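J.: Take a look at this one; I'll ask things after.
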Amino acid sequence: MASNSINKYSVPYIREYLTTLKNNNYSKETLENYARDLEIFSAYLFYIETQFDKIDKLTIADYKGFLRDQNYLPILHKYQAQEELTDKDIEKSQKDVSELKKAMYKGQLSDNSVNRMLSTLRSYLSFLVDVDKPVPIPPSAIKMIKAEKKEKQVAELNELISLIECPFDFEEEQIVKYRNRAILELIFSTGMRISEVANLNREHFKIENNEIVDTKIYILGKGKKQRFVYLTERSIHYLNEYLKRRVDEFPAMFIPTKGTRKATNNPYLVRLSQNYIQMKIAEYRRKLGIVVPTSAHSLRHGFATYIAEEGANPAAIQKLLGHSSLQTTSKYVHASDKFAEKAHRDFHPLKEEAE
């Protein structure tokens, strides 16, 4: 049990709020993010020694600065350290802190990150209103900060191709070469999210004689939305080459070569992590000298950008990406500098040379 001094600064009804989100089919990742955001807000209240029912609009204004100054991590640790925990709770708390450290930025939070955390707080206040619980300020009092609008950057196509192909150059173990190559080919082939890729099982693919024989797979995406994604012949080739080297019965499509394979008896837990995939892409990017920040999400972004440049319909791209609105898709589907330059050169009304 936490001490009273901590309890009085914690925001109430968090468990009920998260349960409501879970019942509304929010993803596990979203629930974890919301829980973390509200814990950070509780740590802030502990820091300013203000109980939740005493907050006002000035409190929220100061909280924005608290987030932007990136001074909440040591305060969060101090907040958690004040708790009186059982041995089981201590073990869980240490794991939670470890996950928080991984999730938090080393530098100042971006405008979008601050807005996401403010959005969590506004959503939480709306929940309290919906269940007829007292709120110190209305949800509408949580105003987003003005975020700088930056055009999304994506590496040149030849750079993305080099990234996809490079596991053959940088990995020594044969099965790792083919596994990592298959993962990168799959992301760029389908535009899948990294979470969707990590959660794939062999049963998602139509496999005969240990070979994939169909170009489409049916997946459960963000917000539990289902959709088809489509494989290129090239991606099928490398997925099949990887499957040929598998000599196990684990259900996951992509598995580690060590670690959890020996640490658990549950075959469904033997699965390559999202963190590993992101770490490898970052490593490959550094080795290749790619300047534009590139991640698994960048490959998804590149998929949308380059099929758009080939003339794909935005509505079709929306469906392939699994977006609910075309407005969301428009953030991904932008013309590269090279494409914009060509359009300017070909279509400008005064493109002729001066006489």
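The values are calculated or read from the model by the stated rules, or taken from the named source; none is laboratory data. None of the values given here were measured: they were computed from a predicted structure. Ideal geometry is used to build each Cβ from the backbone, glycine not excepted, and the neighbour counts take in all protein chains shown.
J.: List the residue pairs whose Cβ atoms are under 6 Å apart, where the first residue sits in the stretch 284-311 and is closer than 10 Å to Val154 by Cβ, the second is hydroxyl-bearing (Ser, Thr, Tyr) and at pLDDT below 85, and the two are 6 or more positions apart or on different chains.
T.: Correct list of pairs: His301/Tyr332; Ala304/Tyr332.
J.: Which of the residues that make up the stretch 94-136 are modelled with pLDDT under 50 and either touching a Lys or Arg at 6+ places or on another chain (Cβ under 9 Å) or closer than 18 Å to Glu29 by Cα (or both)?
T.: Looking only at the stretch 94-136, we keep the residues that are modelled with pLDDT under 50, and these are 94-107.
Passing the criteria: Lys95, Asp96, Val97, Ser98, Glu99, Leu100, Lys101, Lys102, Ala103, Met104, Tyr105.
J.: I would also like to ask the following. Return a yes/no flag: does the stretch 26-48 have any residue that is more than 20 Å from Ser110 (Cα to Cα), β-branched (Val, Ile, Thr) and assigned by TED's automatic domain parsing to the domain that holds Leu125.
T.: yes
J.: Scanning the stretch 137-168 for residues that are assigned to a helix (DSSP H, G or I) and among the acidic types (Asp, Glu), which turns out modelled with the lowest pLDDT?
T.: Step one: list which residues in the stretch 137-168 are assigned to a helix (DSSP H, G or I), which gives 139-141, 157-165, 167-168.
Still in the list and also among the acidic types (Asp, Glu): 159, 165.
On the way: Glu159: 93, Glu165: 96.
If we take residues in the stretch 137-168 being assigned to a helix (DSSP H, G or I) and among the acidic types (Asp, Glu), then Glu159 is modelled with the lowest pLDDT.
J.: Of the numbered conditions (1) under 30 Å from Ala316 (Cβ atoms); (2) touching a helix residue (DSSP H, G or I) at 6+ places or on another chain (Cβ under 9 Å); (3) modelled with pLDDT under 95, Lys224 satisfies every one except a single condition; which is it?
T.: Checking Lys224 against (1) under 30 Å from Ala316 (Cβ atoms); (2) touching a helix residue (DSSP H, G or I) at 6+ places or on another chain (Cβ under 9 Å); (3) modelled with pLDDT under 95, the one that fails is (2).
J.: So Tyr44 ticks every box in (1) modelled with pLDDT under 90; (2) out of contact with any helix residue (DSSP H, G or I) (no Cβ under 7 Å at 6 or more places or on another chain); (3) more than 30 Å from Gln226 (Cα to Cα) but one. Which box is left unticked?
T.: (2)
J.: If you don't mind, another one. Please go through the stretch 15-28 and pick out each residue that is without any contact (Cβ under 8 Å) to a residue 40 or more places away in the chain and in a helix (DSSP H, G or I).
T.: Pass one, the stretch 15-28, residues without any contact (Cβ under 8 Å) to a residue 40 or more places away in the chain: 15, 18-19, 21-24, 28.
Hits for the stretch 15-28 are Arg15, Leu18, Thr19, Leu21, Lys22, Asn23, Lys28.
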